[in-house]
Structures are given as C-alpha cells and as structure tokens.
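Please read the structure below before turning to the comments.
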Amino acid sequence: MLIWTSTTVIGVSTVQARFTVRASRPTTAIRALLALLCSLATHHCYTKPASAALLAVSENRRRVAATAVGGNPRHSLRPSITRTRITTSFGSSRHFHQSSFETTSRRFSMSSTKHNNDNDVAAQARQARLFRRTPLIYSTTLSELCQKDVYLKLDCLQASGSFKDRGMAHLCWTLRQKQNCHKLICSSGGNAGLAVATVGRQLGMTVQVVVPTTTKAMVVQKLQSLGAEVTIHGEHWNAADALARQWVEQDPEASYISPYDNPLLWTGHSTLIDEIIQDLKELVPPPKSSSDDATTKVTTPTIGTLILSVGGGGLLCGALEGLERHSSQGSDDSRHQDSTTTTTATTTKTLVLAAETMGASSFGQALEAGKLVRLSSIDSIATSLGALEVTPVALQRATQTDAPYRVQSALCTDAEAVHACVQLAQDHRLLVEPACGAALAVAYSERLRQQYLLSPNNNVVQGPIVIEVCGGSGVNIDLLTQWKKESGV
C-alpha cells in the first residue's frame, strides 16, 4: 500500500488530498500513482490540479479517458473493479467530496456517474464515450464578485480540449452508423478540427482538416498527431471553408463537417444543458416561490443566467435548444399535477449572455441590426471566434419572443478576455483561449459585471449564474504570457 498526501491542491478553494494506492505489488502501485500525477498536467491542469481534477491516461494509446471531479459533492467515479485501487478524498470549507476509482495497470478507463434519463440526447455517442460528462464546479471567487452563486461548466476537460466534442461526437457517430460514412472533411479555426480528429479516430474514419493561416502551429501539430491530414489555406476561416466545400464536391465518398452550422451539432451541444440542470438540481435547493395572489405562482428557472462565447453560433444554438427542451419537459410534468389544483405557474426566463470580443462581434451586430451582418475581417486576438457571419439559426432562435430564455449580446475587449484567462488560471488552475475568456470576462471584468450582472436596469434573473468554460486547445503558458504582453494586461 502506498499513501501520498497533499495540501496544495486548489479547486474552488484550498483542499487537502489523500491518495491511497493498493495493489498486488509495490511497483504496480507506484506506476498507478505516477500515471495519475502525469495525467494532471496532460489536461491543462498546471502546478495544482484544478478542482481536484483526477484524470487517467491509457498506457497504450495515451488517450485521456477520465472525468474531473470537484464542486459537486454527489459526483462519483466508479469503473469496473480490477487489481489496482486508488482512493481519494477532498475537503474544503464549502464542499466535501469523496470518490474512489479502480484501474488496471495495463489500461486505465473511467466512466462517469450514471444518471437516469429517459430522453437521453445523443445517447449512442455518450455510450460510445465519444464525449464526456464534465464537472460543474462552484467558484468562490466569482460568486463573491457577482454577489450570487456562480458555477463553471468545465467543457475545457473534453478530450480535444473544448466543448466541440459534444456536437462532433453526435454528428460523426450518426454519419458513421447511419450513413456508413468513412471520410470526413472539415474546415476549422482549430478546435472543431481537433474535435473531428479526436472523434473520427475513435470511429475509424479518415479526417481531413483545412485551417486558415491564423491557426497556431501547436494546433496543427496536435491535428497531425491525431492522424488528420491538415491543409493550411486562406487568411480566415471562411476562405478555408470554401476550399473544404470544394473538396467535398469533388469526392463523393466524403462528408462535409461544418464547425458550427449543422442541426446534429446543435443537438450534441445541447447535452451540456442536460448536465447543468441535473447537477444544479442536486447542488442548489429548490427556489422559493413568491405568490402575488392565490392562483398565481412565480418560480425562478434552474439556470438564472447562462454566459457563453459565440463564434459561428453552434454553441449558442445548442444551448438554446437544450433550454427549450427542458422548458417543454417542465410543461409536460405540470400537466400531470392534481387536476383540482387551480394554481397557474409562471417561470421567469433564463438570461443568456452571448459573449464576443469587439473585433469578432458578428452575432452582436446581427442581434442589434435584427438581421445577419457579415464582417469584413476578424480583428481580435480571439481567433477561434473568427466567423465573419453567424449561422442564421442562431439569430432566429435568439430573437424568439415565446422562448423560455432571452438572449443579450455582451461585448468585451481583447484585454478583458485575456485578463479573464489569467484570472481563471490563478483561481482554478485551468488554461483556456481568449475565445473562452470572452465569456469569463463578463464575470471577471468590473465594467462588464456592472453592466450585465449587477445593474438593476438589466432585469437580472434570480437563480445561479453558469459560465460555459468552452476551453480551446490553442493555449499554453507561453502563449498566455504573450497575450498578456500584447494586450497590456
């Protein structure tokens, strides 16, 4: 038995971690512990594992196959029983979590908590482990800044490094199983291509990715390491996309993969709402109702405010689809109440803040104009947001008057986005791109926080704030330092 204790692990607050490894041989225990520690750094958890994230890496393929835990006291990780056992416990002033998971010395695998859901969206892709259920953690720092509970949805812990695994998993699985497709051609600024390459590799599909010249060299290298054929073309994503479409027209065996404009993508992305709502119901007490009279009851939504970044609009479309679906399920549930009840329930709408940098604000300008707006160029450090024009469905869904949400644009500067990335690294030991920093800036920036979250004129919705930490693979410590200098942070 090998015991290792650390008091330097920091998630939402300082915690103590105790690792107990039991194995048939001492060398097996040591290898298991070393694999655990090495895997922490593999997933952008530097120095101190963010939110006490526990990751496991398979020896034979070095593919991260794990789920992070933290913040949610009811999350547990329980794979199959084999001969190496690792037991951990984490404690903090606000949350306490105990978990255990067991691995083999030959291959590490992990499955997330089982949840009963009769209408599990993208169930086949999830069962095939093409994307992960990611943790929802409480942020003490942001909760204090925003004066209400703030939770972070850590989709930066997906295998490719971003939320795009969700949609790509559902789309690629559907193409492979239902259309017998074996070849994918994708245009991408980087993250979508990485998601396609990650999922396509698991499905045994050939992947070609066309990226613009603004794509970082480290992203190109990651794509190639996943077996994708990479072509660099054009000054922005739209030029790369034109070439990808041309290739698909010339190759009848290939399927075109848009980084954001496909209904299957949106449905896959909507699974993040399923997970958020399920976790919040466990973490947050039921909201109190306020009655204006004997027949009217007003309740707050499970998600008070949802903050996410917008590039081409795929993530936004998926989030709104998920909110719509859960609103409909709630309506169906209310029909089964006692028929003698005369109370009419009214639920306030979730506020969705669609964040962009000012130099890549195709959605914000479209929302203000009431029609699609095509930018002449992308002038932002957040190159992953670099779509000159959003999908029309994003604008259509965002402007629905009868929807269970209301969408508002939130624009930040490049400096505010980078500053948010730096703060996230300091507070939660996670590295993300400035594209993700745009959403984080709404809470971290005093200017934006006052404008969108604290202003009484903004009709802020009661209920917790959830920030989608969409991630991004084009980041490391050197790049973050460079962005700080360039933006004057």
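The values are calculated or read from the model by the stated rules, or taken from the named source; none is laboratory data. Please read all numbers here as calculations on a predicted model, not as lab measurements. Note that each Cβ is placed from the backbone with ideal geometry, even for glycine, and that neighbours are counted across all protein chains shown. Areas reflect the complete protein model, heavy atoms only, side chains present, ligands, DNA and RNA absent. Shrake-Rupley method; radii C 1.70, N 1.55, O 1.52, S 1.80 Å.
Beta carbons closer than 7 Å, at least 6 apart along the sequence or on distinct chains, pair a first residue in the range 394-412 that is closer than 27 Å to P434 by Cβ and of a type in the set (A, V, I, L, M, F, W, C) with a second that is part of a strand (DSSP E or B) and open to solvent by less than 10 Å² (accessible area, probe 1.4 Å) for V407/V352; V407/A354; A410/L353; A410/A354; A410/A355; L411/E356; C412/A355; C412/T357.
If you filter the range 180-207 down to residues that are more than 20 Å from the chain's Cα centre (by Cα) and open to solvent by less than 40 Å² (accessible area, probe 1.4 Å), you find that the one that is nearest to G234 (Cα to Cα) is S187.
I need the full set of residues from the range 209-228 which are touching an Asp or Glu at 6+ places or on another chain (Cβ under 8 Å) and either in contact (Cβ under 8 Å) with a residue 60 or more places away in the chain or not aliphatic (A, V, I, L, M) (or both), in order please.
Quick first cut of the range 209-228, residues touching an Asp or Glu at 6+ places or on another chain (Cβ under 8 Å) only: 209-210, 212-214.
The answer is P212, T213, T214.
Do we have any residue at all in the range 475-485 that's assigned to a loop (DSSP other than H, G, I, E, B) and in contact (Cβ under 8 Å) with a residue 60 or more places away in the chain? Yes: the range 475-485 contains one or more residues that are assigned to a loop (DSSP other than H, G, I, E, B) and in contact (Cβ under 8 Å) with a residue 60 or more places away in the chain.
Can we say P287 is at pLDDT below 95, open to solvent by 60 Å² or more (accessible area, probe 1.4 Å) and more than 21 Å from R166 (Cβ to Cβ)?
Details: at pLDDT below 95: yes; open to solvent by 60 Å² or more (accessible area, probe 1.4 Å): yes; more than 21 Å from R166 (Cβ to Cβ): yes.
Answer is yes for this residue.
Taking the criterion of being open to solvent by less than 20 Å² (accessible area, probe 1.4 Å) and either under 30 Å from T141 (Cα atoms) or in contact with a Pro (Cβ under 7 Å, 6 or more places away or on another chain) (or both), the residues of the range 399-423 that qualify are Y405, A410, C412, A417, V418, A420, C421, V422.
In summary, Q462 fulfils each of the numbered conditions (1) farther than 26 Å from Q278 by Cβ; (2) open to solvent by 50 Å² or more (accessible area, probe 1.4 Å) with the single exception of condition (1). Which of the residues belonging to the range 445-475 are out of contact with any Leu (no Cβ under 7 Å at 6 or more places or on another chain), farther than 16 Å from T350 by Cβ and of a type outside the set (G, A, S)? Scanning the range 445-475 gives E446, R447, L448, Q450, Q451, L454, P456, N457. Of all residues in the range 424-445, those satisfying the criterion of being surrounded by fewer than 24 Cβ atoms within 10 Å (Cβ to Cβ) and free of Cβ contacts under 8 Å to residues at least 60 places away in the same chain are Q426, S445. Tell me, which residue of the range 360-393 that is open to solvent by less than 30 Å² (accessible area, probe 1.4 Å) and not aliphatic (A, V, I, L, M) is farthest from T413 (Cα to Cα)? Once the filter is applied, the top-ranked residue is T391.
Of the residues that sit in the range 203-220 and are among the polar types (S, T, N, Q) and at pLDDT 95 or above, which one is farthest from L385 (Cα to Cα)? Before you say what the answer is, go through the steps one by one.
First pass over the range 203-220, keeping only residues among the polar types (S, T, N, Q): 206, 208, 213-215.
From what's left, at pLDDT 95 or above: 206, 208.
Details: T206: 26, Q208: 21 Å.
So the residue we want is T206.
Return yes when L351 is of a type in the set (A, V, I, L, M, F, W, C) and closer than 12 Å to P434 by Cβ and no when it is not. The answer is no for L351. Among (1) modelled with pLDDT of 50 or more; (2) open to solvent by 20 Å² or more (accessible area, probe 1.4 Å), there is one condition F131 misses while meeting the rest; what is its number? Status for F131: all satisfied but (2).
Kindly indicate whether any position in the range 263-284 is touching a strand residue (DSSP E or B) at 6+ places or on another chain (Cβ under 7 Å), modelled with pLDDT under 95 and either open to solvent by 10 Å² or more (accessible area, probe 1.4 Å) or at positive phi (or both). No, because not a single residue in the range 263-284 is touching a strand residue (DSSP E or B) at 6+ places or on another chain (Cβ under 7 Å), modelled with pLDDT under 95 and either open to solvent by 10 Å² or more (accessible area, probe 1.4 Å) or at positive phi (or both). Whether any residue in the range 313-332 is at pLDDT below 55 and surrounded by fewer than 24 Cβ atoms within 10 Å (Cβ to Cβ) is what I want to check. Looking for residues that are at pLDDT below 55 and surrounded by fewer than 24 Cβ atoms within 10 Å (Cβ to Cβ), one finds at least one in the range 313-332, hence yes. Assess whether V248 counts as being over 14 Å from G193 (Cα atoms), among the hydrophobic types (A, V, I, L, M, F, W, C) and open to solvent by less than 60 Å² (accessible area, probe 1.4 Å). Criteria met by V248.
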